[in-house]
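Here the structure comes first, spelled out in structure tokens, and everything after it is commentary.
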Amino acid sequence: MCGIIGYVGDRTALPILIEGLKRLEYRGYDSAGLAVQENGKLAITKSAGRISVLEQKLNPDLAGTTGIAHTRWATHGAPTDANAHPHTDATGHIALVHNGIIENYLAIRTYLKQQGITFHSETDTEVLAQLIGHFYDGNLEQAVRQALHDLSGTYGIAVVSADEPGVVVAARRGSPLIVGIGRGEHVVASDASAILAHTSQVIYLRDGEMVTLTRDRARVTTLEAIPVAPEVQEVEWSLEQIELDGYEHYMLKEIFEQPTALENCLRGRMDPRNGIVHLGGLVDCSRELTRTKHIILTACGTAWHSALVGEYLFEELARVPTETEYASEFRYRNPVVDEGTTVIAISQSGETLDTLAALSEAKQRGALVLGVVNVVGSAVARETDAGVYLHVGPEIGVASTKAFTGQVAVLALIACYLGRRKHMSAAAASEFLAALARIPKQMEQILDRADQARAVAQQYAQRENWLYLGRGYNYPVALEGALKLKEISYIHAEGLPAAEMKHGPIALINKGMPVVFIATSGSQYDKIMNNIEEVRSRGGSVIAVATEGDRDIARCAEHVLYVPDTLEPLQPLLTSIPLQLIAYHAAVLRNCNVDKPRNLAKSVTVE
Ligand code: M6R
């Protein structure tokens, strides 16, 4: 959601904070600001808009070596200069940046107003800055601790005081914070991308922990002031992986990374010849998982689409009754979680608040809780009993692409792993895994023809309504194709199971309306050909994703994007790629900001 960075050390803080903000901008980008300790004061600059706007306002001569900075995605209050972080206390000596939502901010605000404090913004964050100031008597760590005790809600914060040079205090509950340990310096940030330029040695702060950083020390304690011996870990991603590498946008880079990402995801995890899946992360719960009677897959957005593919995979390969639930629904209804239920939370970032809340609900009800996560050490990874990492590398573009195919691949592996412990024969597993092993090369073949997707985008980018239709394993792909298009190009698009079209949405079809069919070979091919005819006869323009060698479809579709043949359960790994490319090119043609679409943030750490 929002991005936080703080620095303390010997170097000038300003360029480090700005560079960190640029790396974090994908997390939130409606306003930004920073505070640097300078000659016994805090130099604070804030601005609505992108970081480039903030840069124009900055005094480039700031030489202080301690500071904090923030890039915001508005929750309370519009994206204005006044609402941008940092926020300060009444004296202007304490500044704070915050990610999360303070639920009881109105009550605290009322109390502080009664104490004569004036507020300058509409944000929940300013309330916390003022509260820390209210408690401050010369010890920042103590004042932060006291203020956090009075708080309900979520936070990742970094705080500085003009009166304590060379000190940054940070704390978290519900919003991630990572401390980078350099030589004679510390960097704290909401994700590793802002730290990697300085060090790969990190401490992942846990919920309920705070850290006091000086040049030489990172002292971690609980909110109750109990010292914690933190585990120093190595970040597995490199700086090169989070750079654009010559691509115009992260989304395009990440689409093209999919063959390698999938290879990394599958590496060492399967033995096609013998039909064996090795998943180290599941070894400890293998027995319990094998006995599971009911699986619930829970996630949000794109991860929810991959979960839907997972539902079909689990039921087909492992014959375990499986359902897919939006995490936001699961957490608030009264789901049936009996003994023998396994809940699998799927999340690229591992920070999505609804997904975290759903897994905590599942845990309380006694389920075995597993995670399918990309970001190592993230909250979902830590809060689950066991799990499988995607290993597809950092995903920076707000539109999820390689995480989707990575999630589907991991779910395919888990389904096969479970299947082999139940009814699946070694021969069937062998065939399945051999097909999975071929996917990275087949992805490359699709990407070699990426221009064809651009041609489709060129023809229809100005149409404001699209439909995406698929059946079986390609029904979630239709949903995902529509989500990609709407989130980055702002075109209205709907994804549906193809047969549902005639129950209402068919009324939308008019002359030239683009209707994307995922019509690959398989058990439902004839059915989907009928649906294509239904659209054609109403004047819709059919764009088909089809299996190489299918000449029949070329006679009824205006455009055909071919993908190599694979087993039906694995088709989403291939059919999703042309749809990612169409969405990307449509957004570029409409001059949209592909990597930072309006109103969106990479990870949604608020409700
Ligand atoms: O980090 P997560 O996988 O938990 O995020 C879930 C969704 O917010 C995310 O997939 C979102 O839908 C993407 N922007 C879609 O491209």
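The values are calculated or read from the model by the stated rules, or taken from the named source; none is laboratory data. Keep in mind that what you see is a predicted model, and the values were worked out from it rather than measured. Counting neighbours? That spans all protein chains shown, and the Cβs are built from the backbone with ideal geometry, glycine included.
When residues of the stretch 285-307 are filtered for being β-branched (V, I, T), closer than 19 Å to G366 by Cβ and in a helix (DSSP H, G or I), how many remain? Steps first, answer last, please.
Keep residues of the stretch 285-307 that are β-branched (V, I, T), which gives 290, 292, 295-296, 298, 302.
Within this subset, residues satisfying the condition of being closer than 19 Å to G366 by Cβ are 290, 292, 295-296, 298.
After this cut, where a residue has to be in a helix (DSSP H, G or I) as well, the list is 290.
Number of matching residues: 1.
Pick from the stretch 222-246 the residues that are polar (S, T, N, Q) and touching a residue at least 60 places away in the same chain (Cβ under 8 Å): which of them is farthest from L151 (Cα to Cα)? Walk me through it before giving the result.
Within the stretch 222-246, the subset polar (S, T, N, Q) is 222, 233, 238, 241.
Still in the running and touching a residue at least 60 places away in the same chain (Cβ under 8 Å): 233, 241.
Numbers: Q233: 30, Q241: 38 Å.
Among those residues, the one meeting the criterion is Q241.
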Completion exercise
Conditions (1) assigned by TED's automatic domain parsing to the domain that holds S576; (2) on the phi < 0 side of the Ramachandran plot; (3) more than 16 Å from the ligand (Cβ to nearest atom) -> G472 fails only (2)
Practice task
Just give me the residues in the stretch 41-79 being part of a loop (DSSP other than H, G, I, E, B), of a type outside the set (A, V, I, L, M, F, W, C) and modelled with pLDDT under 95, in sequence order.
Solution key: G49, R50, N59, P60, D61, T75, H76, G77, P79
Practice task
Consider G33 carefully, then state whether it is surrounded by 18 or more Cβ atoms within 10 Å (Cβ to Cβ), in a helix (DSSP H, G or I) and either touching a helix residue (DSSP H, G or I) at 6+ places or on another chain (Cβ under 6 Å) or at pLDDT 95 or above (or both).
Solution key: no
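Within the stretch 396-433, can you find the residues that are farther than 18 Å from G481 by Cα and within 16 Å of the ligand (Cβ to nearest atom)? Break it down stepwise before answering.
Within the stretch 396-433, the subset farther than 18 Å from G481 by Cα is 396, 410-433.
Scanning the stretch 396-433 gives I396, V410, L411.
Condition first: within 21 Å of T384 (Cβ to Cβ) and either touching a Lys or Arg at 6+ places or on another chain (Cβ under 9 Å) or outside any helix (DSSP H, G or I) (or both). Now tell me which residues in the stretch 269-284 satisfy that.
Of the residues in the stretch 269-284, the ones within 21 Å of T384 (Cβ to Cβ) are 269, 277-284.
Correct list: R269, V277, H278, L279, G280.
Name the residues in the stretch 183-205 that are part of a loop (DSSP other than H, G, I, E, B) and either more than 16 Å from A158 (Cβ to Cβ) or aliphatic (A, V, I, L, M) (or both), would you? Steps first, please.
Start the filter on the stretch 183-205 by keeping residues that are part of a loop (DSSP other than H, G, I, E, B), which leaves 183-184, 190-191, 195-200, 205.
Across the stretch 183-205, the qualifying residues are R183, G184, I195, L196, A197, T199, S200, L205.
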Practice task
Select from the stretch 344-368 the residues that are of a type outside the set (K, R) and away from the ligand (no atom under 15 Å from the Cβ) and list them in ascending order.
Solution key: E361, A362, Q364, G366, A367, L368
Practice task
Would you please list the contacts, defined by Cβ atoms under 9 Å and residues six or more apart or on different chains, that run from a residue in the stretch 375-401 that is free of Cβ contacts under 8 Å to residues at least 24 places away in the same chain to a residue that is within 10 Å of the ligand (Cβ to nearest atom) and in a loop (DSSP other than H, G, I, E, B)?
Solution key: none
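Which residues, taken from the stretch 586-607, are within 16 Å of the ligand (Cβ to nearest atom) and farther than 17 Å from Y29 by Cβ?
So the first thing to find is which residues in the stretch 586-607 are within 16 Å of the ligand (Cβ to nearest atom), and the list is 586-587, 592-607.
Once the filter is applied, which keeps residues that are within 16 Å of the ligand (Cβ to nearest atom) and farther than 17 Å from Y29 by Cβ, the stretch 586-607 yields A586, E607.
Each row is one residue, and each column tells you yes or no for (1) exposed (fewer than 15 other Cβ atoms within 10 Å of the Cβ); (2) in a helix (DSSP H, G or I).
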site	(1), (2)
F432	no, yes
L436	no, yes
I439	no, yes
Q442	no, yes
D451	yes, yes
A455	yes, yes
Q458	yes, yes
Q462	yes, no
Problem - Any hit, the stretch 415-428, residues being at pLDDT 95 or above, touching a Gly at 6+ places or on another chain (Cβ under 8 Å) and not assigned by TED's automatic domain parsing to the domain that holds R291 - result: no
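A quick yes/no check of all residues on (1) within 16 Å of the ligand (Cβ to nearest atom); (2) within 22 Å of I439 (Cα to Cα):
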site: H249; (1), (2): yes, no
site: E254; (1), (2): yes, yes
site: A261; (1), (2): yes, yes
site: M270; (1), (2): no, yes
site: D284; (1), (2): no, no
site: R287; (1), (2): no, no
site: S306; (1), (2): yes, yes
site: E329; (1), (2): yes, no
Practice task
Specify which of the listed residues (R172, R206) is buried (at least 21 other Cβ atoms within 10 Å of the Cβ), over 17 Å from V36 (Cβ atoms) and charged (D, E, K, R).
Solution key: R172
